Amino acid sequence: MTQIIPAILTDNPDELNMKLASLVGLTDWVQIDIMDGMFVPQTSIGLEELAGQKPPFKLDIHLMVNNPQQYLGGCRRAGAKRVIFHLEGAGNPETVLDQLGALGFERGIALRPQTSFRDLEPYLDHVDVILLMSVEPGKQGQTFIPETAERIHRLRQIAPRVKIEVDGGINADNILAVAEAGADYLAIGSAILNAPDVAAAIERLKAKLNTR
């Protein structure tokens, strides 16, 4: 069953609090985007601000940063369950994966839309989740890149045991196609958290998935 994961991208601690509160009782998982202003131009809230929240969710931390190993202690203090870092921002991905495993996290690697799967292949035996960006990383509200569906198909052939997460531009119009392409997890930001009724938005997306 494909799982919807609401995704929060913000640089405002008050907005973080508001969005977390709006999701209580509606989801088991929440993704938090962390941006350093270097891997992507934008910055976000820091892990220390998240650590003070103790939200009642399993946290999926998406590190859009250079040198992700510097953030792993903060992820632990924030109570992360799954940590996903960008292959393109890691000098030594295998070392980062080893550190994630030692800290007890589910281990994830994210890829920009243009990154070749050849770059990923050396790490497939050491990863639990692969996140495919379906927009350019760094901001919400972008249009879904249609070629992502074919990338999901190809990745499923290359890595049949690994969970596939897709992030960016997913909404009620395309969610079914993304799920049918083979995605396990769907990180969805604007279509949920910018909706006037968050609970209704989640139910509408789930209803689309249930038409399969």
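Of the residues 45, 8, 32, the single one that is under 18 Å from residue 194 (Cβ atoms) and in contact (Cβ under 8 Å) with a residue 60 or more places away in the chain is 8. On the given criteria, is residue 132 outside any loop (DSSP other than H, G, I, E, B), touching a Ser or Thr at 6+ places or on another chain (Cβ under 9 Å) and not acidic (Asp, Glu)? Answer is yes for this residue. If the condition is being out of contact with any strand residue (DSSP E or B) (no Cβ under 9 Å at 6 or more places or on another chain) and under 24 Å from residue 69 (Cα atoms), then the stretch 13-41 contributes 13, 38. Each residue in the stretch 13-28 was checked for being exposed (fewer than 15 other Cβ atoms within 10 Å of the Cβ) and at negative phi, and 7 of them qualify.
The set of residues from the stretch 48-65 being out of contact with any His (no Cβ under 9 Å at 6 or more places or on another chain) and modelled with pLDDT of 95 or more comprises 57, 58, 59, 60, 61. Counting only helices (runs of 4 or more DSSP H) that sit completely within the stretch 163-212, those holding 3 or more residues that are closer than 22 Å to residue 138 by Cα correspond to 190-193.
Tally the residues that are surrounded by 19 or more Cβ atoms within 10 Å (Cβ to Cβ) and in contact with a strand residue (DSSP E or B) (Cβ under 7 Å, 6 or more places away or on another chain), restricting the search to the stretch 124-137.
At the first step, the residues of the stretch 124-137 found to be surrounded by 19 or more Cβ atoms within 10 Å (Cβ to Cβ) are 127, 129-135, 137.
Filter again for in contact with a strand residue (DSSP E or B) (Cβ under 7 Å, 6 or more places away or on another chain), leaving 127, 129-134, 137.
Residues in the stretch 124-137 being surrounded by 19 or more Cβ atoms within 10 Å (Cβ to Cβ) and in contact with a strand residue (DSSP E or B) (Cβ under 7 Å, 6 or more places away or on another chain): 8 in total.
Taking the numbered list (1) farther than 22 Å from residue 65 by Cβ; (2) touching an Asp or Glu at 6+ places or on another chain (Cβ under 7 Å) in turn, residue 181 passes all entries but (2).
The values are calculated or read from the model by the stated rules, or taken from the named source; none is laboratory data. Note that the structure is a prediction, hence the values are computed from the model and not measured. Here Cβ is always computed from backbone atoms with ideal geometry, including for glycine, and neighbour counts include all displayed protein chains.
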